[in-house]
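Below: one structure, written as structure tokens.
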Amino acid sequence: MESKSKSQTTQPKIGPAGPGGRMKGPGAKPKDAKKTIQRLMGYLKKDTGKIMIVFICVALSSISTLLGSYMLRPIINGLGDSFRTYAQSVNKSNTLSDLLKDLIGKLLIMALIYAVGVFTQYLQQRIMIEVSQKALQKIRDELFEKMQSLPVRFFDTHNHGELMSRFTNDVDAVGEMLNNTIVQLFSGTLTVIGTLCMMLYMNITLSIVTIIMVPIFVKVGGRIASRGRKFFVGQQTALGAVNGYIEESVTGQKVVKVFCHEDKCIKEFDKLNNELKDQQIRAQFAGGIMGPVMGNLGQINYSLIVTVGGILCITKGFDIGGLTVFANYSRQFTRPINELSMQVNTIFTALAGAERVFAIMDAEPEAEDGTDTIELKDVSGKVILDHVTFGYHPEKIILKDISLYAKPGQKIAFVGSTGAGKTTITNLLNRFYDINEGTITIDEIPLQKIKKDSLRKNIAMVLQDTHLFTGTVRENIRYGRLDATDEEVEAAAKTASAHSFIMRLAQGYDTMLEGDGANLSQGQRQLLNIARAAISKAPILVLDEATSSVDTRTERHIEHGMDRLMKGRTTFIIAHRLSTVRNANAIMVLEHGEIIERGTHEDLLKLKGRYYELYTGKIELD
């Protein structure tokens, strides 16, 4: 747990059960599908007016479909009567002309009715896409905003790629449902009700045949849906695990190649990919089988309608046009059910994705500042840790009764083995984690009494792992203080010994950096990191192994920048190379979470204890 300062890049091991062991395993059911749906609908409330227009358009579209279909009855029946009239007429030429005019008139009316349906379908689709995309924008905004409020602990325990999957796969799945499924649910329901009313109006006997089939449709569809729901949750979870592993492998590709882990990496990915394949097969089969099953049931219903209707035409005088329209209605009655059944994939995937998105939104945010917290002003940099005890987990204590005192402008160094607790102390200074016991004060003010933003504005950090954002060199330095002027940016770069190499770049300070500054050397990236800390003007500075990943020559160059950076600041230094801490005012030697030695470089050498052994090479830092 020592290397918490690297939490932004260090990711937990991923397995089939999900990163960090916190994701729901395949086969888990949504906690509350109804609540998830209600929450999703909440994002559409602001566009209630537009949604009402959509529903009106859907209603008009459904009505036009029903009326257009019904127009077949008078056309077919009229054609039969017309041909009989034609056969009996003396002036066949005039009769044929009248028949054609009558037929064309009815066809034009039918075309007009269908044209209304086409226009309303276009309108509702256009409006619904706009409404759904606005809802998705809001979901993404809230999700990203939530990410910014989550504590460091959250990112330490969740895989970054899996979290990115919430923004892409899961949100896109929700978008697919909002774009189409909501409208189809309403349209399908309206079509079923309208068609049933028309069928009852036309023939009670045939309507009873269709009504008898409804419970079978509902029972079979419900059974398939209930069995398929869990597979879609498993599919989304497995997809997140695969994305997380890909992101981890891509960012760590150099490490993979250096240690010849390509084969192992392929095997691990193959295992996750197989799990995703299995989950997708189960989910897609569960969703895909719904359409064929419901379609075949619809065919059975159609066959029964045609058979019974034919008998009624012979025995009861039911008209051929009515039978044709009723048979068409029977298809219209089952078509929405079939279409909705085909949407099962979308619905369940979206609900599973929405639940995963809301799980992030509902995660416990970083504790808010108390009502009695204050802003730090005119900070001198006096830092005191008094009997501090801390553990990332209650059952495992990392720091045990740590006490130290840093006067304004002093340099305090921490040395010791990996896992001794060095970086943990700096994490506590920033209140990334809250201590279990004891107190930490800055200028004699307890950290709990200081607003977090104010606290962190007064502490600058230079970490071993640099991170540069896509943008210009100037913008990356200004990240340390957004209101800094161009002159201040260049002054900070000079303080960090970065100005000379920046001026050698193609566009100088306006050179674009991409891929985490891939076009710069490790030393140059670190110098920009130091410049970013310099421009912040924070009175307290944390240097966490800032030179451990560069060569000795580059280290000396960086140290010149850090010496200017540390001037007048209270500085906490963590270093594996003990040569970098010789001029510290006090050196703390930590082992197993305790300070076992403290003093200046000369004092600790005279003790001939742990520090002496480390410095002379009798034992090595691990």
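Observations, loosely collected:
- Theoretical ellipticity at 222 nm over the chain - DSSP helices of four or more residues, -39500 (n - 2.57) apiece, nearest 500: -20000 deg cm²/dmol
- Environment charge at Leu190 (Cβ cut-off 15 Å; Lys +1, Arg +1, Asp -1, Glu -1): 0
- Between the beta carbons of Asn436 and Arg223, assuming R0 = 60 Å, the FRET efficiency works out to 0.70 to the nearest 0.05.
- Here the calculated FRET efficiency for Leu607 and Leu482, from their Cβ-Cβ distance with R0 = 45 Å, stands at 0.45, rounded to the nearest 0.05.
- Sites counted here are chymotrypsin sites (Phe, Trp or Tyr not before Pro) in a DSSP loop (not H, G, I, E or B) having no more than 12 other Cβ atoms within 10 Å; the longest part of the chain that contains none of them is 1-258.
- FRET E, pair Phe55, Ile204, Förster distance 25 Å, beta-carbon r, rounded to 0.05: 0.25
- Within the range 57-80: backbone nitrogen closer than 11 Å to the Arg126 label point (7 Å, Cα to C-beta): none
- Between Glu444 and Cys197, the contour length at 0.36 nm per residue exceeds the Cα-Cα span by 81.0 nm.
- Rounded tilt (10° steps) of 72-88 against the dominant C-alpha axis of the chain: 30 degrees
- Bins of 10 Å, starting at 0 and running to the largest distance - Cα pair percent for the chain: 3, 12, 17, 18, 14, 10, 8, 7, 5, 3, 2, 1, 0, 0
- Label sites at Asp453 and Asn77, each approximated as a point 7 angstrom past Cα along Cα to Cβ, lie 7.4 nm apart.
- Structure note, pairs Lys396/Lys567; Lys257/Lys608; Lys411/Lys449; Lys407/Lys451: Cα-Cα distances above 31 angstrom occur for Lys396/Lys567; Lys257/Lys608.
- Looking at the chain alone, DSSP beta bridges between its own residues are antiparallel in about 50 percent of cases.
- Compared with the direct C-alpha span, the chain from Lys46 to Met164 gains 39.7 nm at full extension, assuming 0.36 nm per residue.
- Whole-Å semi-axes of the ellipsoid equivalent to the range 152-254 (Cα gyration tensor, √5λ, descending): 47, 15, 9
- Protein accessible area in the range 451-496, 1.4 Å probe - carbon and sulfur %: 48 percent
- The alpha-carbon atoms of the range 445-514, seen along their principal axes, cover 47, 24, 19 angstrom, with the largest extent given first.
- Extension gain from Ile109 to Ile300, taking 0.36 nm per residue of separation minus the Cα-Cα distance: 65.5 nm
- An ellipsoid equivalent to the range 256-371, defined through the eigenvalues of its Cα gyration tensor, has semi-axes of 54, 24, 8 Å when rounded to whole angstrom and sorted largest first.
- Neighbours of Tyr329, meaning other residues whose beta-carbon lies under 11 angstrom from its beta-carbon, give a summed charge of +3 when Lys and Arg score +1 and Asp and Glu score -1.
- The distance between label points at Thr418 and Ile311 comes to 8.3 nm (points 7 Å beyond Cα on the Cα→Cβ vector).
- Within the range 438-459, backbone nitrogen closer than 18 Å to the virtual label 7 Å beyond the Cα of Ser149 toward Cβ: 451-454
- Dividing the mean sequence gap of close Cα pairs (under 8 Å, 6+ apart) by how many residues the chain holds gives a relative contact order of 16 percent.
The values are calculated or read from the model by the stated rules, or taken from the named source; none is laboratory data. These numbers were taken from a predicted model, which means no experiment stands behind them. Cβ: placed from backbone, ideal geometry, glycine included. Neighbour counts: every protein chain shown. Quick note on the areas: whole protein, heavy atoms, side chains included, nothing else; ligands and nucleic acids left out. Shrake-Rupley method; radii C 1.70, N 1.55, O 1.52, S 1.80 Å.
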